[in-house]
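Following: one structure in structure tokens, then a few remarks.
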Amino acid sequence: MQQIRIAHYLLALVATVFVSACSEGDDVLPTAGASATSEDVCNSAPVRGFGFDQYGGWKGIERAASGRFRVERVDGVWWFITPDGHALFSNGPTGIDPIGDTVGNTSRAPYRDGLLAKNGSIEAWATNTQRRLCMLGIRSLGGWMGAADYDRFNRVPYAVNVDFYQVMPRIRGGAGFKPFHDVFDPHAGELAQGIAAEGGLLQRCARDAWCIGAYVENEVPYLPSLINGGGHLDSYLGLMAGAPGKVAVQEFFAQRYAGNVETFNVTWDTQLASFADMQQLRGLGTCPLTLGYDDDLCYFDEPPARLEDRLAFEAHVAGTIAQLANSVLRGLNAAMLNLGPRLVVGPAAPAVLRALAGPVDVMSVNNYDVSGLIGAALSPVQRQKLAALGLLSFDPFERLQQLTEITDKPVLITEWFYRRARVGVTTFPPHGILPEVPDATAQAEAYRGYMEGILGLPSVVGEHWFQWPDQPVEGRSDGENQIIGIVDINDELNQPLAETMAAVNASIIERRTALRVP
């Protein structure tokens, strides 16, 4: 027994030396002996002699407790810091709820039927799902959940989805993917405050220490999205004279050109007598507002000054709604993390990203691996033009590094997956839009490869797989019917994805603490 005690003491001592060597600042010096136990819902086994606090934060990194989640860089590596002052890498799926996706526009919910057949009740399902989360090494919940779902897993950190952009007045544009909205409407502040109404998810997050923070937008297609057709400039110019967005365009260019309309006319080949004449325009340049690549790629062939104007106005729109969203969040609780917009996959422009990043604590991105899909659809010349403009890469890992370099903010991956091909059934969206692998084994291998890539990036503070259950084969309301779940439609674990996920998650602390960026 004495030899066992000595061995335990030596292990604790080694762990203390290791963590101290990986720490920066006098407040990152935990004592292994006092921190070896875990208080999280999973009663997790210690890692390197240190347990986990009630929020799932690893006690081997210790900061001052603040009562809310925050982000902090430790030895050059970004972490979420729990309310109790310990390090958390946010990992988990989106969309854990007992309904799942309904079929088409009906109320039929195959996943709900399957889980009830397996578990007997929603309560039993919640208990069994919590056990599965622990088995999988999942320490937080992604987006797309409701208040009742968070209550079912009330000892697991989570984030909430709100979208300040979409509550602004809708206008023409967004040919098929997303509509555009007028962020300059005189009632914008009032509309934004409506998201903070009593009983909503934002109010819940502001009051709940278990809420990591709030996403403030979802996949707004800022130019050049390559999926929407056009940007805000032409969409706002298409409004009636005197519309708020159109007036904002006039004021923007009057300021950008310091009142010199002659210089503007030279750039845009127009004959305006004054900037007030912009109220009679229906667009600028010659590129059509059409769905897909054609319109956005057309802009890259315009004179550089025109593209710079377009992107500058796009950044003006992005910055306006970003600041408005942030003011609402800070008004509710200044300590609540602003997780920023969930960026759509695309070659985002640095000016737009900097405008969005200004007020946020974390940059969130739906970081699908489309390097072999969208990237392959572009010609070598088009790819060179995108790169020359400093736009984000289609490679998922390069994109994450660029995002941090541009914004100087930590990054949270809020959606990603590799879907399995359906046998004998057409998958929607069609192959070639989202990453697809042939079978379950390939899906698990792709998962492991992606995780190995992001765990080596010091700026990444977490990843959220989309989503918990598979989508119904009949398709949800928008037609999506993908095999992407950690569980299938009958609430059985999809293997070998689940086994691979558990193994990778068990290694996260070791991998992240080993980075130590100078």
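Shape verdict for the range 135-211, please, from the Cα gyration tensor: rounded (a/c under 1.5), prolate (a/b greater than b/c) or oblate. Since a/c reaches 1.5 but b/c is at least a/b, the shape of the range 135-211 is classed as oblate.
Got a sec? What order do Met278, Met240, Met135 fall in by accessible area at 1.4 Å, biggest, i.e. largest, first? All intermediate terms of the calculation are to be shown ahead of the outcome.
Values: Met278 0, Met240 150, Met135 100 Å².
Putting Met278, Met240, Met135 in descending order of accessible area: Met240, Met135, Met278.
How big is the Cα convex hull of the range 59-143 in projection, averaged over all directions, in nm²?
Values: hull surface 31.1 nm².
That works out to 7.8 nm², a quarter of the Cα hull's surface.
Express the carbon and sulfur contribution to the solvent-accessible surface of the range 386-430 as a percent, rounded to the nearest whole number, probe 1.4 angstrom.
Details: 1000 of 1810 Å².
Roughly 55 percent, rounded to a whole number.
For the chain, what is the accessible area per residue in Å², given a 1.4 Å probe and the full set of protein chains? Display every interim value, and only then the final one.
Working: 20170 Å² over 518 residues.
I get 39 Å² per residue for this part.
Is the shape of the range 198-300 best called rounded, prolate or oblate, per the rule: a/c under 1.5 gives rounded, else a/b larger than b/c gives prolate, else oblate, with a ≥ b ≥ c the square roots of the Cα gyration tensor eigenvalues? Judged from the Cα gyration tensor, the range 198-300 comes out prolate (a/c at least 1.5, a/b above b/c). Coupling constants for the range 419-433 follow from the phi torsions by the Karplus curve (6.51 cos²θ - 1.76 cosθ + 1.60, θ = phi - 60°), and in residue order they are 8, 8, 5, 7, 8, x, 10, 6, 8, 10, x, x, 4, x, 9 Hz; glycine and proline get x.
Label-to-label distance for Asp151 and Val423 is 4.2 nm, based on points extended 7 Å past Cα in the beta-carbon direction. Computed in the context of the full set of protein chains, the accessible area of the range 219-276 at 1.4 Å probe radius has 54% of its extent on carbon or sulfur.
What net charge do the residues around Val362 carry, taking every other residue with its C-beta under 14 Å from that of Val362, with Lys and Arg at +1 and Asp and Glu at -1? Overall, the nearby charge balance is 0.
What whole-number distance in Å separates the alpha-carbon centres of the range 47-119 and the range 269-340? First find each Cα centre; the distance between them is then 35 Å. Of the three principal axes defined by the Cα atoms of the range 244-358, the extents in descending order read 50, 31, 20 Å. When you work out D = kT/(6 pi eta Rh) for the chain at 25 °C and 0.890 mPa s, using the Kirkwood radius from C-alpha pairs as Rh and the Stokes-Einstein form, the result is 100 µm²/s.
What is the packing order of peptides 223-236, 453-466, 299-312, taking the mean over residues of other C-beta atoms within 10 Å and listing the highest first?
Working: 223-236: 26.4, 453-466: 21.9, 299-312: 17.1.
Ranked by mean Cβ neighbours within 10 Å, highest first: 223-236, 453-466, 299-312.
Kindly sort Arg422, Arg512, Arg48, Arg282 by accessible area of their heavy atoms, largest first, with the probe set to 1.4 Å.
On the way: Arg422 45, Arg512 0, Arg48 90, Arg282 155 Å².
Putting Arg422, Arg512, Arg48, Arg282 in descending order of accessible area: Arg282, Arg48, Arg422, Arg512.
Give me the percent of accessible area attributable to carbon and sulfur for the range 24-174, probe 1.4 angstrom.
Values: 2810 of 5640 Å².
The nonpolar share, carbon plus sulfur, comes to 50 percent.
Name the shape class, rounded, prolate or oblate, that the alpha-carbon gyration tensor gives for the range 329-422, where a ≥ b ≥ c are the square roots of its eigenvalues, rounded holds for a/c under 1.5, and otherwise prolate holds if a/b is larger than b/c and oblate otherwise. Because a/c hits 1.5 or more and a/b fails to exceed b/c, the range 329-422 counts as oblate. Can you give the FRET efficiency for Val473 and Ala514, using 1/(1 + (r/R0)^6), R0 = 60 Å, r = Cβ-Cβ distance, to the nearest 0.05? The value I calculate is 0.90.
Please compute the net charge surrounding Pro93, taking Lys and Arg as +1 and Asp and Glu as -1 over other residues with Cβ under 13 Å from its Cβ. Numbers along the way, then the final one.
Numbers: positive: Arg132, Arg139; negative: Asp97, Asp149, Glu415, Glu463, Asp470.
Local net charge: -3.
Cβ under 9 Å from Gly245's Cβ, Gly245 left aside: what net charge do those residues give with Lys, Arg +1 and Asp, Glu -1? The partial results should precede the final answer.
Working: positive: Lys246; negative: Asp182, Asp185.
Local net charge: -1.
Note on Arg73/Glu198: beta-carbon distance plugged into 1/(1 + (r/R0)^6) with R0 of 30 Å gives a FRET efficiency of 0.25. Using C-alpha pairs below 8 Å separated by at least 6 residues, the relative contact order for the chain is 16 percent. In order along the range 66-83, the Karplus-derived 3J(HN,Hα) couplings, from 6.51 cos²θ - 1.76 cosθ + 1.60 at θ = phi - 60°, round to 10, x, 9, 5, 8, 10, 7, 9, 10, 6, x, 10, 7, 9, 6, 9, 6, x Hz, and Gly and Pro are given as x.
The values are calculated or read from the model by the stated rules, or taken from the named source; none is laboratory data. This is a predicted model, so every value here is computed, not measured. Positions of Cβ are backbone-derived with ideal geometry, glycine not excepted, and every protein chain shown enters the neighbour counts. SASA here: full protein model, heavy atoms, side chains in, ligands and nucleic acids out. Shrake-Rupley method; radii C 1.70, N 1.55, O 1.52, S 1.80 Å.
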